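Before any comments, here is the structure.
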Amino acid sequence: MNKQQLNALVDQTWDQSILHELIEYIKIPNKSPLFDSQWAEHGFMEQVVQQFASWSKTRNIQGLKLDIVRLENRTPLIFIEIPGDSDHTVLLYGHLDKQPEMSGWNPGLGPWTPVVDGDKLYGRGGADDGYALFASLTAIAALQDQNIPHSRCVVIIEACEESGSFDLPVYIDALSDRIGQPDLVICLDSGCGNYDQLWCTTSLRGLAGGDLSIQIIDEGVHSGDASGIVPDTFRILRILLDRIEDTQTGALQHQQFNARIPEDRTQQARLAAEVIGKNVYHRFPFSDSGQPTTSDLTELILNRTWRSSLTIVGANGLPEIENAGNVLRPATSVKLSLRLPPTCDASKAAKTLKQILETDPPYQAKVNFKSDWSATGWNAPAFDSWLEQSINAASLDYFGKPSVHMGEGGSIPFMGMLGDKFPDAQFMITGVLGPGSNAHGPNEFLHIPTAKKLTCCVANVIADHHKQFNN
């Protein structure tokens, strides 16, 4: 392989084609079904599917076959098959649905307003992970450009990931004969600890959560008249949350929400902490003198990747401050997001969460928990030596530094499902969501140089996969 030639083709494709496509993609508010129940009627998802399919068909890739698969009452899925020089299979994965807008974007920026500023492309979805289709096909095209042999490749781009991938298992079962048995799964929907080297994800946390609602009276009443007699629903909320979380440490107290951390993952966290340093927490926009939960960098990484944590991501029943009169409110509702260790069963955790919150409610208040987020995490199998060496060599070739391995705090439901379905497969889980990229939040961006280098690394690993299984 001529690495300079490969790098040049990847750079050219990104500069002359991919960036333009991502700019157009960012403009489209194709929110995931969980955030847009009328996604089919609005047509934004279909607009993106057609855009991605049209671009894919123009690629100079021998034998590429693309289908837009549509199962009844499901989001669409793009299925691409590329024959190779052997029957062994590499499965590449990404998604095209997006998180909702979120407030707080800087002036001139916005979720559906693509802006290129230096090395960054701002806007919702570019890094999470609209780029995945383009990077995957460009990596394969770069190999074919030099007649470098590769195995059969299958590319799957789903449209439901940000909603928990509830449509994907149905598609995987329906397409199982066409997918085959992959030896290697490459997922480009993860993160990186910095933009200086290739990062591979070794674990993903799970997720349980939903809507917790509390009601004590049928309508709001004068707080001076009722307070002290009628308990405040916000205080009831605090009592219920104390059943789950230690407010001093943030630790979740039930065994169903916790798991033993494997020693090798602790060692990886320690090495990652040495590489990243204080940017483990400096990368987050702390206000003024705000501090992280601990100053121990390794513990911060383990907190983020292998320990459970509770976040309140939304609330109803609380009026804006300027409209808040002296009224004891009848009800409070919050949306809970409970991140789980990779090896916890999310379904069992969700049932436990409901039981803890609804049993014996304080003051016999009307308490209801409706679970709507549930995704079991994933702990990667150990790397085969060829894959570990390939990933490290690719990082050295295109980043100039060795690769690093670390768990991620988010969830990719697809990984746990594939791990169960293909227990003998190897996994390369990586991505471009690094410091400041702020997926799901305001000012989300794609770091363009990292995306280019990652595309080259994927090409190298696909080539090495063919060597491994055909020598």
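The values are calculated or read from the model by the stated rules, or taken from the named source; none is laboratory data. Quick caveat, the model's predicted, so the values are computed rather than measured. For neighbour counting, all protein chains shown are included, and Cβ atoms are generated from backbone atoms with ideal geometry for every residue, glycine included. The area values use the complete protein model at the heavy-atom level, side chains included, leaving out ligands, DNA and RNA. Shrake-Rupley method; radii C 1.70, N 1.55, O 1.52, S 1.80 Å.
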If every Lys and Arg gets +1 and every Asp and Glu gets -1 at its Cβ, then about the Cα centre the chain yields a dipole, in debye to the nearest 20, of 400
Checked against the positive end of the charge dipole of the range 88-182 (+1 on Cβ of Lys and Arg, -1 on Cβ of Asp and Glu, about the Cα centre), the farthest of TRP105, HIS95, GLY180 is GLY180
In whole percent, what relative contact order does the chain give with Cα contacts below 8 Å and a gap of six or more residues? 25
Determine the shape class of the chain: with a ≥ b ≥ c the square roots of the Cα gyration tensor eigenvalues, call it rounded for a/c under 1.5, and otherwise prolate if a/b is greater than b/c, oblate otherwise. prolate
Does the range 233-317 come out rounded, prolate or oblate, given a ≥ b ≥ c as the square roots of the eigenvalues of its C-alpha gyration tensor, rounded meaning a/c under 1.5 and, failing that, prolate meaning a/b above b/c? oblate
Rounded, prolate or oblate: which one fits the range 267-350, using the alpha carbon gyration tensor with axes a ≥ b ≥ c (rounded when a/c is under 1.5, else prolate when a/b beats b/c, else oblate)? oblate
Per residue solvent-accessible surface (Å²) - the chain, probe of 1.4 Å: 44
Roll a 1.4 angstrom probe over the protein heavy atoms and tell me the percent of accessible area of the range 158-224 that is carbon or sulfur. 46
With R₀ set to 41 angstrom, the calculated FRET efficiency between the beta-carbons of ALA226 and TRP112, to the nearest 0.05, is 0.40
Between GLN364 and LYS3, what FRET efficiency follows from the Cβ-Cβ distance if R0 is 60 Å, with the result rounded to 0.05? 0.30
At a 10 angstrom cut-off on C-beta neighbours, averaged per residue, how do the peptides 145-151, 324-330, 348-354 rank from highest to lowest? 348-354, 145-151, 324-330
May I ask for the angle, rounded to the nearest 10°, between helix 346-358 and the longest principal axis of the chain, with both axes built from Cα atoms and the value confined to 0 to 90°? 10
Most packed first (mean Cβ within 10 Å per residue), the peptides 178-188, 251-261, 404-414 order as 404-414, 178-188, 251-261
Between the range 234-282 and the range 1-25, how many Å separate their Cα centres? 39
Tilt relative to the chain, helix 3-13 - C-alpha long axis, 0 to 90 degrees, to 10: 60
Label points 7 Å out from Cα along the Cβ direction at ILE217 and GLU299: separation in nm? 4.4
Of the listed peptides 82-88, 224-230, 293-299, 205-211, what is their order by residue-averaged count of other C-beta atoms within 10 Å, with the highest listed first? 205-211, 82-88, 293-299, 224-230
Give, as ranges by residue number, the residues of the range 48-75 whose backbone N falls under 12 Å from the point 7 Å along Cα→Cβ of SER347. none
Counting only the backbone N, which residues of the range 371-394 are under 18 Å from the spot 7 Å out from the Cα of ARG243 toward its beta-carbon? 371-372
Whole-Å distance, taken between Cα centres, linking the range 293-362 and the range 60-107: 32
Give LYS27/LYS370; LYS27/LYS120; LYS98/LYS467; LYS278/LYS421; LYS335/LYS452; LYS370/LYS421 a once-over and call out the pairs whose C-alpha atoms are over 27 Å from each other. LYS27/LYS370; LYS98/LYS467; LYS278/LYS421; LYS335/LYS452; LYS370/LYS421
Once the piece of chain linking ASP87 and SER103 is laid out straight, how much longer is it, given 0.36 nm per residue of separation minus the C-alpha distance between them? 1.0 nm
